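In what follows, a structure is listed as structure tokens, so that the remarks can point back to it.
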Amino acid sequence: MSNPRCPENLKKLARLDAIFITHGHTDHIGDLLPLAKQFKPKIVATFETYLWLESKKTGAQCLPGNKGGSQKVGDFEITMTNAFHSNSSRITASASTAERPAGTSSNSQAA
């Protein structure tokens, strides 16, 4: 993984089952494409990021989200919430159609 602040022992993953993306800023999606191609996880993303990700043909199962909506992945249910955060992504959308960032609330059924 490319984040220089990521500890070395966390840069090698044996598996990755799910990724939850709140918006398309590069600090949130920097290693998303290589990880999606390698592990083929289920990815829940805001709708605009979902559209962008689907266009990349990673082989991962992408699930769209929107504020107030929920998606279940394994034992986790994620609900998109409002977030007070800017977004000016030119990676996932043009500046005129940039998504509005979301937060997440999760509920795990894992024991």
(message) Suppose R0 equals 41 Å. What FRET efficiency, 1/(1 + (r/R0)^6) with r the Cβ-Cβ distance, do LYS67 and GLU8 give to the nearest 0.05?
(response) 0.70
(request) Excluding residues fewer than 8 places away in the same chain, name every one of the lysines whose C-alpha is closer than 28 Å to that of LYS12. (result) LYS37, LYS40, LYS42, LYS56, LYS57, LYS72
(request) Give me the net charge of LEU16's neighbourhood, meaning all other residues with Cβ under 13 Å from the Cβ of LEU16; Lys, Arg count +1, Asp, Glu -1. (result) +4
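Coordinate-derived values only; no laboratory data. In this text the structure is predicted, and so the values were computed from the model without any measurement. Neighbour counts are summed over all protein chains in view; Cβ atoms, including those assigned to glycine, are modelled from backbone coordinates with ideal geometry.
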